[in-house]
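Structure incoming, see below.
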Amino acid sequence: MTQLATSVKLTLNNGKTIPALGLGTVPSDDPSDVKDQVITAIKAGYRHIDTAWYYGTEKYVGEALKELFDEGVVKREDLFITTKVWPSFWHSPEKSLDISLATLGLDYVDLFLQHWPVALHGDENGLPAQPRDKDGNLIYDDDPVSGTKFIDAYHSLEQILDNTTKVKSIGVSNYSLHKLKQLLPKVKHIPVINQIEYHPQLPQQDLVDYAEKNGIQISAYSPVGSNGAPVLKLPLIQELATKYDVTVNEVANAYHILQGRSSLPRSSNLERIKTIVRLPSLTKEELASLYQVGVENPTRYINDEWGYGLGFKWWEGDTLSKDFD
Ligand code: NDP
């Protein structure tokens, strides 16, 4: 019988565990649809929900959780909830967290991530989330390549961890190898996770090796390459799905989960959410063949302007597995 992805838990560097399959909550269309997506996922056995202040869906995640708690479907302590502080809130992560907790209707989150290692110019409420000058260029509070305010933001997360009960673990997201190397010598608490775009088309092996060597687990966002699910069109993924009699989505999740990384799929299709919970036992050779797809032709699908979109120098090297230090 095929193992269930929903039953796999991974251990973080602080001894806590994280369910390997997490539901993503970026809105596909109407943000309120996320409520049913979360309810469907939890009833199907998911115990990990990935959200963020920036997504505008925490309200609907919160409504779903309240309903599930009220109906006794699941208890708070059985779930792993992640939220994130956006770069325009870099100066006040605890305020961002308080807003997220109030919106989610929770006393704590299991994981609080720094969403991106840059500092955008937001006001005391982190607004606007994308501050722009009259020419439409993003306004930063320091240089996105050489600035170090992103380290100050991480220090604020450490203080929340040390001085409050609002978070169980802290981590980072969208850190390149270069940014991680800048951060680690300055931290008291090593991030438990670096959440990055990750799938067979984007191996970033140098970043992954460095993170894992330092005890930082990788969490894979956009596991099927985001909108249009381009990763699922890879012939090898389709062959493996046929071989193991599972869906292509399950192969995409297994690529991570079998290698100790959480996978965070998103879907507006409730049937899909329910049915992508099996974990095919891909062999080492099959995992290595999937990895080779990206080595030969690395492709990144999330090219946000504050990150990879501008081609900032600090991303160089990661995509093509080349360390530029
Ligand atoms: P995914 O890689 O999970 O892709 C989701 C898209 O793929 C949806 O449009 C979905 O359509 C489509 N899809 C999935 N399966 C199929 C299929 N079998 N056939 C056709 N289409 C399919 O996307 P995300 O980029 O949203 O990443 C997942 C989560 O990761 C996010 O929701 C978020 O929680 C997190 N994330 C974090 C980021 C960060 O900066 N930290 C950045 C981006 C994402 P359908 O709705 O029809 O199923």
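Among the residues of the range 192-239, which ones are assigned to a loop (DSSP other than H, G, I, E, B), more than 13 Å from the ligand (Cβ to nearest atom) and buried (at least 20 other Cβ atoms within 10 Å of the Cβ)?
Residues satisfying the conditions are V192, P203, Q204, I216.
Let's see how each residue does on (1) over 13 Å from Y46 (Cα atoms); (2) in contact with a helix residue (DSSP H, G or I) (Cβ under 6 Å, 6 or more places away or on another chain); (3) surrounded by fewer than 24 Cβ atoms within 10 Å (Cβ to Cβ):
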position: V246; (1), (2), (3): yes, no, yes
position: G260; (1), (2), (3): yes, no, yes
position: S263; (1), (2), (3): no, yes, no
position: S267; (1), (2), (3): yes, yes, yes
position: I276; (1), (2), (3): no, yes, no
position: L287; (1), (2), (3): yes, no, yes
position: Y291; (1), (2), (3): yes, no, yes
position: G294; (1), (2), (3): yes, no, yes
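Do you know which of the residues in the range 20-36 that are out of contact with any helix residue (DSSP H, G or I) (no Cβ under 6 Å at 6 or more places or on another chain) and surrounded by 23 or more Cβ atoms within 10 Å (Cβ to Cβ) is farthest from N227 (Cα to Cα)?
Of everything passing the filter in the range 20-36, G22 is farthest from N227 (Cα to Cα).
Which members of the range 173-191 meet the condition of being in a loop (DSSP other than H, G, I, E, B) and either more than 15 Å from the ligand (Cβ to nearest atom) or basic (K, R) (or both)?
Once the filter is applied, which keeps residues that are in a loop (DSSP other than H, G, I, E, B) and either more than 15 Å from the ligand (Cβ to nearest atom) or basic (K, R) (or both), the range 173-191 yields V187, K188, H189, I190.
Give G62, G72 a once-over and let me know the one that is of a type in the set (G, A, S), out of contact with any strand residue (DSSP E or B) (no Cβ under 7 Å at 6 or more places or on another chain), touching a residue at least 40 places away in the same chain (Cβ under 8 Å) and more than 24 Å from T247 (Cα to Cα).
Exactly one residue qualifies, and that residue is G62.
Moving on. Yes or no: the range 104-111 includes at least one residue that is touching a Phe, Trp or Tyr at 6+ places or on another chain (Cβ under 7 Å) and surrounded by fewer than 17 Cβ atoms within 10 Å (Cβ to Cβ).
no
Could you grab me the full set of residues in the range 274-302 that are in contact (Cβ under 8 Å) with a residue 40 or more places away in the chain, aliphatic (A, V, I, L, M) and out of contact with any Pro (no Cβ under 9 Å at 6 or more places or on another chain)?
V277, L279, L282, I302
Do we find that V251 is within 9 Å of the ligand (Cβ to nearest atom), part of a helix (DSSP H, G or I) and surrounded by 19 or more Cβ atoms within 10 Å (Cβ to Cβ) in this structure?
no
How many residues does the range 17-43 contain that are more than 14 Å from the ligand (Cβ to nearest atom) and part of a helix (DSSP H, G or I)?
So the count comes out to 4.
Next up: Answer yes if at least one residue in the range 43-56 is over 25 Å from P87 (Cβ atoms), in contact (Cβ under 8 Å) with a residue 12 or more places away in the chain and within 18 Å of the chain's Cα centre (by Cα), and no otherwise.
Yes; the residues of the range 43-56 include at least one that is over 25 Å from P87 (Cβ atoms), in contact (Cβ under 8 Å) with a residue 12 or more places away in the chain and within 18 Å of the chain's Cα centre (by Cα).
Moving to a separate point now. Would it be correct to say that T11 is touching a helix residue (DSSP H, G or I) at 6+ places or on another chain (Cβ under 9 Å) and at pLDDT 95 or above?
For T11, the condition - touching a helix residue (DSSP H, G or I) at 6+ places or on another chain (Cβ under 9 Å) and at pLDDT 95 or above - is not met.
Can you list the strands (runs of 3 or more DSSP E) lying wholly within the range 44-141 that have 3 or more residues being within 14 Å of the ligand (Cβ to nearest atom) and touching an Asp or Glu at 6+ places or on another chain (Cβ under 6 Å)?
80-85
The values are calculated or read from the model by the stated rules, or taken from the named source; none is laboratory data. None of the values given here were measured: they were computed from a predicted structure. Ideal geometry is used to build each Cβ from the backbone, glycine not excepted, and the neighbour counts take in all protein chains shown.
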